[in-house]
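The values are calculated or read from the model by the stated rules, or taken from the named source; none is laboratory data. Treat the numbers as computed from the prediction; the structure is a model and nothing was measured. Cβ sites come from the backbone with ideal geometry, for glycine too, and all protein chains shown count toward neighbours.
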């Protein structure tokens, strides 16, 4: 069976996988996470605020990851970034919140509680009282909360106003520097195949598959299209660019000839556009005639 007709479908598989990935909660969460990162890195003064991104810290026998951590004399912010579309239902005290989206209900862990656990790890690690810390959950997505928004839950566009609104100094310069030094000391680098890096590798693989599939599927049709365009240019006398070599010049000259071959007499003749007879051997004359350079005989 000829597999050529199915070659044009190769690009559909990586395209479908890419579409599924783009619509996945993981990708949407990455987009929301990236938006928070851009806001913090671009707008906060570097000499007043130090921003950590995806900070992994040891905790007991495992680790915890703080999405964003801001250290300054105005306190230490632990920020949890969440992207959820649809209507969200939940309160500060509920263990799980509910997302209603596309006719389905999805339950997920209360991010406020998750952030409290991270604050407790930071308090013990930095040996600072709870009053020096701020907890924020930053939501991105469509629609929002069905009823009242729980405390310390804000939208992305409210983040800078909330951070800069804290004008009271809670840490001395020495305490802030000590906290930064401690964080740099205990922070763990993500493993070679951490979750974030696995998703980056997946995105790269899907992109390569899509490009390869598209090239494989459309290379031959594209080549055939350009060949037809070149042939039409030659037939109708349109200019064809030469590369300057003698071989290229002769090819263009031959393609400009009007050739005719008679199967009855076996004679073949070629003429230049001006009417002069061209000097070609019979074999080349017949090749040009059969190639399509013949006008109507």
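Name the residue that is nearest to the chain's Cα centre (by Cα), counting only residues in the stretch 71-101 that are closer than 14 Å to residue 144 by Cα and surrounded by fewer than 18 Cβ atoms within 10 Å (Cβ to Cβ).
The residue in question is 85.
Residues that are modelled with pLDDT under 90, over 22 Å from residue 121 (Cα atoms), touching a strand residue (DSSP E or B) at 6+ places or on another chain (Cβ under 9 Å) and assigned by TED's automatic domain parsing to the domain that holds residue 113: does the stretch 48-70 have at least one?
No; the residues of the stretch 48-70 include none that is modelled with pLDDT under 90, over 22 Å from residue 121 (Cα atoms), touching a strand residue (DSSP E or B) at 6+ places or on another chain (Cβ under 9 Å) and assigned by TED's automatic domain parsing to the domain that holds residue 113.
Working carefully through the options 295, 238, 230, find the one that is outside any loop (DSSP other than H, G, I, E, B) and at pLDDT below 60.
One residue alone meets the criteria, 230.
On the basis of being at pLDDT below 90 and touching a strand residue (DSSP E or B) at 6+ places or on another chain (Cβ under 6 Å), does residue 135 make the cut?
No, not satisfied.
Could you list, in sequence order, the residues of the stretch 40-70 that are crowded, with 21+ Cβ neighbours inside 10 Å and in contact with a helix residue (DSSP H, G or I) (Cβ under 6 Å, 6 or more places away or on another chain)?
Selection gives 66 alone.
Can you name every one of the strands (runs of 3 or more DSSP E) wholly within the stretch 96-194 that holds 2 or more residues which are free of Cβ contacts under 8 Å to residues at least 60 places away in the same chain and within 25 Å of residue 46 (Cβ to Cβ)?
133-140, 153-155
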